[in-house]
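The values are calculated or read from the model by the stated rules, or taken from the named source; none is laboratory data. Quantities reported herein were computed from a predicted structural model and do not represent experimental measurements. Counting neighbours? That spans all protein chains shown, and the Cβs are built from the backbone with ideal geometry, glycine included. Just so you know, the surface numbers come from the protein's heavy atoms only, side chains and all, with ligands and any DNA or RNA stripped out. Shrake-Rupley method; radii C 1.70, N 1.55, O 1.52, S 1.80 Å.
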Amino acid sequence: MAQYAILIYEAESGYAGGGEDVWRQAMEAHGRFAGQVVEKGGKILGGDALEPTSTATSIRGDLVTDGPFAETKEALGGFYLIEARDLDHAIEIARLCPAPYGGVEVRPVMDTSGS
Amino acid sequence: MVARPGNEAAAPEPVGDEARRAVAEAHRREWAFVLAATARVTRDLDAAEECVQDAYVAALGAWARQGVPRNPGAWLTTAARHRALDGLRRDRTLRTKLPMLVVPEAAPDAAATMSDDGGLIPDDRLRLIFTCCHPALALEAQVALTLRLVCGLTTAEIAQAFVVPEATMAARVTRAKKKIAAARISYRVPEAAELPDRLDGVLTAIHLLFTTGHTDPRGSGLVRADLVDRAIALARMLRELMPDEPEVSGLLGLLLITDARRATRTDDEGNLLLLEQQDRSRWDRAAIAAGCDLVTAALRRPPGKFALQAAIAAVHAEAPCYERTDWPQILVLYDRLLRIWPSPVVALNRVVATAMVCGPQRALDDLAGLEQDGRLDEYRYLPATKADLLRRLGRRAQARAAYQAALDLAENAAERAFLARRITEMSGTGNDDA
């Protein structure tokens with residue numbers, strides 16, 4: 001098994017403008033997702049939702065600035081760390097990850113244990 | 001006596017012509033088989049390529065000395081795998097740190113070849129093809145990787161084929177190989193549930209290779225025969241490996257029927273000839289017959305997009321002339337194709353059939369919708385099709401402007417010359433635009 005990060009990129013306005021119902025539905029969808037990962041033979045090792053980019057602080061060298069690293073329409077809003085057999089398996093799992101206002105990116109986690 | 005593969009260096013004595021021919025032939029026929037079987041051992045595509053390359057060099061000498069073996073592919077594979085195992089023993093400590101190709105052990109492969117030393121060599125060509133054409137790789141990288149690993153072309157040859165600098169192509173191939181290892185793209189044939197999607201990706205890559213060769217996007221001649229031949233060889237290989245997949249038959253049929261017109265697509269001076277101008281008596285009838293048989297096989301089940309495109313090509317190929325083509329049938333086929341593949345390019349081709357069935361004005365109305373759609377803004381065949389419809393309606397000034405728009409987008413020399421001729425024809429007197 002190998003580790004992959006599922007990075008969730010979405011338009012923040014989707015949640016900001018949607019009120020509590022939208023948030024509750026999202027939480028329920030992520031709850032279902034956790035169950036589906038197990039059914040698919042994968043494993044969630046960790047993950048969380050992030051506060052919106054309006055709360056982000058970027059640090060580059062000595063410079064500390066307000067805001068995210070890059071202003072984009074779809075921002076990183078949450079992530080999972082999962083275990084999967086191979087990329088196809090990771091994609092199969094990531095397809096199920098809720099991201100109604102954007103999409104997800106799958107990235108293999110680098111194995112630095114041996115070096 | 002059969003030559004035994006080993007680790008001999010390149011031949012010290014003069015290499016026989018027969019051996020040289022046999023090695024060249026084996027390069028063309030067996031590269032994919034040998035590399036695919038070796039990659040399973042090395043679990044590293046670069047190392048596999050090196051071992052296979054070495055095996056071909058060794059074959060030059062060994063076959064000249066001992067004669068060409070009964071099964072050159074098996075000989076080469078055994079030689080390449082010996083090298084791979086030696087390499088693995090030598091580099092064990094080094095290799096464990098690098099990401100390896102993931103080779104899941106599925107059910108024993110149905111097809112296997114007996115090697116000269118009695119072992120069985122699995123036919124891993126499908127694994128290799130599906131790995132090269134994995135959807136997580138960019139389409140252009142899929143095509144480059146397929147040419148490199150399945151066809152055995154050098155990076156320089158691939159770069160030349162796609163008219164990009166060799167360094168660019170080398171970077172593209174290296175990046176794709178790195179991703180296969182680091183992201184763990186498995187070396188396997190997709191399972192039944194994912195097969196239709198994944199197979200479509202493979203067929204699309206081969207089709208892209210063919211169309212690049214069929215009308216060289218930037219070249220001076222119209223056709224790049226080497227690319228067309230490679231694409232057809234790949235489609236043949238796939239058909240041999242997956243004889244029961246209708247879409248594979250559809251693709252091979254489409255390529256054979258389309259390429260059967262190769263000799264008639266330009267005149268002696270290299271000028272482009274349209275379908276309606278081509279000398280149908282010079283179409284390759286044997287290729288068309290083979291293609292039509294494949295189409296029949298492909299249409300047995302609800303047809304996919306390649307089967308339908310092949311069926312359309314077959315209707316054209318069997319028509320005695322352009323006017324007496326079964327255009328209503330072609331229109332029906334385009335409608336079915338659009339239902340499963342709503343692509344603006346398909347819709348544009350349908351416009352041509354509409355013109356033949358319902359007249360150019362109706363076709364022009366359909367085309368207006370495609371112009372508004374915007375997705376074909378850079379596609380030279382949109383203004384070219386529009387120009388032809390306007391020409392047939394006698395609206396010469398508008399036709400001229402549309403031909404000019406097509407010329408501005410066209411880069412192939414033969415196409416440009418054709419469009420320039422049409423502009424001249426439309427520039428004479430007799431403008432009867434409404």
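Only a single criterion out of (1) part of a helix (DSSP H, G or I); (2) at pLDDT below 95; (3) open to solvent by less than 40 Å² (accessible area, probe 1.4 Å) is not satisfied by B:Ala156, namely (3).
Table: residues versus (1) under 21 Å from B:Ala144 (Cβ atoms); (2) open to solvent by 40 Å² or more (accessible area, probe 1.4 Å).
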| position | (1), (2) |
| --- | --- |
| B:Ala183 | yes, no |
| B:Pro196 | no, yes |
| B:Arg224 | yes, yes |
| B:Leu234 | yes, no |
| B:Leu238 | yes, no |
| B:Leu251 | yes, no |
| B:Ala260 | no, no |
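Among the residues making up region A:85-96, those that are more than 8 Å from chain B (Cβ to nearest Cβ) and open to solvent by 10 Å² or more (accessible area, probe 1.4 Å) are A:Glu92, A:Arg95, A:Leu96. Put simply, of B:Val189, B:Val173 the only residue that is open to solvent by less than 40 Å² (accessible area, probe 1.4 Å), out of contact with any His (no Cβ under 6 Å at 6 or more places or on another chain) and either within 14 Å of chain A (Cβ to nearest Cβ) or at pLDDT 95 or above (or both) is B:Val173. Within region B:200-217, restricting attention to residues that are closer than 23 Å to A:Ala90 by Cα and either among the aromatic types (Phe, Trp, Tyr) or more than 14 Å from every other protein chain (Cβ to nearest Cβ) (or both), the residue that is least open to solvent (accessible area, probe 1.4 Å) is B:Val202. Any chance region A:62-81 includes a residue that's within 14 Å of chain B (Cβ to nearest Cβ), surrounded by 14 or more Cβ atoms within 10 Å (Cβ to Cβ) and outside any helix (DSSP H, G or I)? No, region A:62-81 has no match at all. Taking region B:351-392 as the range and being open to solvent by 70 Å² or more (accessible area, probe 1.4 Å) and hydroxyl-bearing (Ser, Thr, Tyr) as the test, only B:Tyr381 passes.
Taken as a whole, region B:40-54 holds at least one residue that is in the same structural domain as B:Gly16 (by TED's automatic domain parsing), within 21 Å of B:Arg188 (Cα to Cα), open to solvent by less than 10 Å² (accessible area, probe 1.4 Å) and in contact with an Asp or Glu (Cβ under 9 Å, 6 or more places away or on another chain). Residues B:Arg21, B:Arg65: which one is touching a residue at least 12 places away in the same chain (Cβ under 8 Å) and open to solvent by 40 Å² or more (accessible area, probe 1.4 Å)? So the residue among B:Arg21, B:Arg65 that is touching a residue at least 12 places away in the same chain (Cβ under 8 Å) and open to solvent by 40 Å² or more (accessible area, probe 1.4 Å) is B:Arg65.
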